[in-house]
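K.L.:
Below is one structure. I have some questions about it.
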Amino acid sequence: MAQLANLNGVSETLPVLPRLPSIQKTRKRVGIIGCLGKKKYHDLLEQPLQTTRRLALGLASIALVGNSSSGAALAEGNNGFWLDGPLPVPSADNKIANEKTGTRSFLKNHLYMADIGTKGRKYRLKKYAFDLLAMADLIAQDTLNYVQKYLRLKSTFMYFDFDKVITAAPVTEKQPLTDLANRLFNTVEKLDGAVKQRNLSETETYYQDTTLILQEVMDRMA
């Protein structure tokens, strides 16, 4: 009995063990929710659903209004990139077409050319001239089909870019640019004809003539 009394005495003097953190956190949450009351507890449970529903409706309305307003703004203000119908057919206003045919044999159809401004067109003329200068390694008997496609694509863009650059140029520069464009496209037409005939020797000859003018275009558009 004495030992039991001692044990009881020891147990009475021992400090109270701290609760585990998880138990404390659980009771803390329960205490907070309890303070909110029954009505507020149910409101708290329904709040995420209501917030998600409101957020979805809000985002949907913003998307609809944003799309309609941005579409109208782009359609009203022509920035050169927004199309509201079929692809426009480009045309040339200056005298850079073949005088006999009224066009150029290398021109491709169904190409969309965005309005990138005079500065952008000059940069593209310089870049495409460089691309055609780098085409020398592609010319071979079994690759002339690819040469023709590449030549026509680049030359078509250069043709209409040249026309716009000439239009925007000062009066004193219009004629020199027109002469340069005609010399270039005359040789490109001969090159395109040789490639079309799959005549490798003529292709190489006309390509050498074209490279001299391409270098001149790069210098002029620098």
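The values are calculated or read from the model by the stated rules, or taken from the named source; none is laboratory data. From a predicted model like this one, the values you see are computed outputs, not experimental measurements. Note that we place each Cβ from the backbone using ideal geometry, even for glycine, and neighbour counts take in every protein chain shown. Keep in mind that these areas ignore ligands, DNA and RNA; they rest on the heavy atoms of the full protein, side chains included. Shrake-Rupley method; radii C 1.70, N 1.55, O 1.52, S 1.80 Å.
K.L.:
For each pair in Lys122/Lys164; Lys126/Lys196; Lys122/Lys174; Lys126/Lys154; Lys127/Lys154; Lys95/Lys174, compute the distance between the two Cα atoms and list the pairs where it is over 19 Å.
P.N.:
On the way: Lys122/Lys164 9 Å; Lys126/Lys196 25 Å; Lys122/Lys174 14 Å; Lys126/Lys154 11 Å; Lys127/Lys154 10 Å; Lys95/Lys174 11 Å.
Going by Cα-Cα distance, Lys126/Lys196 fall outside the 19 Å limit.
K.L.:
Let me ask something additional. Run the simple label-point estimate for Phe130 and Val89 please: 7 Å along Cα→C-beta, distance reported in nm.
P.N.:
3.5
K.L.:
Hey, what do the phi angles of region 143-149 turn into as Karplus ³J(HN,Hα) couplings, whole Hz, using 6.51/-1.76/1.60 and θ = phi - 60°, x for Gly and Pro?
P.N.:
In residue order, the calculated couplings are 10, 5, 4, 6, 4, 5, 5 Hz.
K.L.:
Can you tell me the FRET efficiency between Glu99 and Ala140 if r is taken as the Cβ-Cβ distance and R0 is 41 Å, rounded to the nearest 0.05? Walk me through the numbers on the way to the answer.
P.N.:
Numbers: r = 33 Å, r/R0 = 0.81.
Calculated transfer efficiency: 0.80.
K.L.:
Let me check I've understood the local charge: for Ala140, count other residues with C-beta under 12 angstrom from its C-beta, Lys and Arg +1, Asp and Glu -1. What total comes out?
P.N.:
-2
K.L.:
I'd like to compare 149-162, 119-132: which one has the highest average count of other Cβ atoms within 10 Å, and what's the full order after that?
P.N.:
Details: 149-162: 19.9, 119-132: 17.5.
Sorting 149-162, 119-132 by mean packing, highest first, produces 149-162, 119-132.
K.L.:
How big is region 95-149 on each of its three principal axes, counting only the C-alpha atoms and giving the largest first in Å?
P.N.:
Dimensions of region 95-149 along the principal axes of its Cα atoms: 37, 30, 21 Å.
K.L.:
Add +1 for every Lys or Arg and -1 for every Asp or Glu among the other residues with Cβ under 10 Å from the Cβ of Lys164, and state the total.
P.N.:
Combined, the nearby Lys, Arg, Asp and Glu give -2.
K.L.:
Right, next: Heavy atoms only, probe 1.4 angstrom, no DNA, RNA or ligands counted: give me Asp163, Asp219, Asp179 ranked by accessible area, highest first.
P.N.:
Asp219, Asp179, Asp163
K.L.:
Turning to a different aspect of this structure: Size of the dipole of region 171-219 about the Cα centre, Lys and Arg at +1 and Asp and Glu at -1 on the beta carbon, nothing else charged, in debye to 20?
P.N.:
The calculated dipole for region 171-219 is roughly 200 debye.
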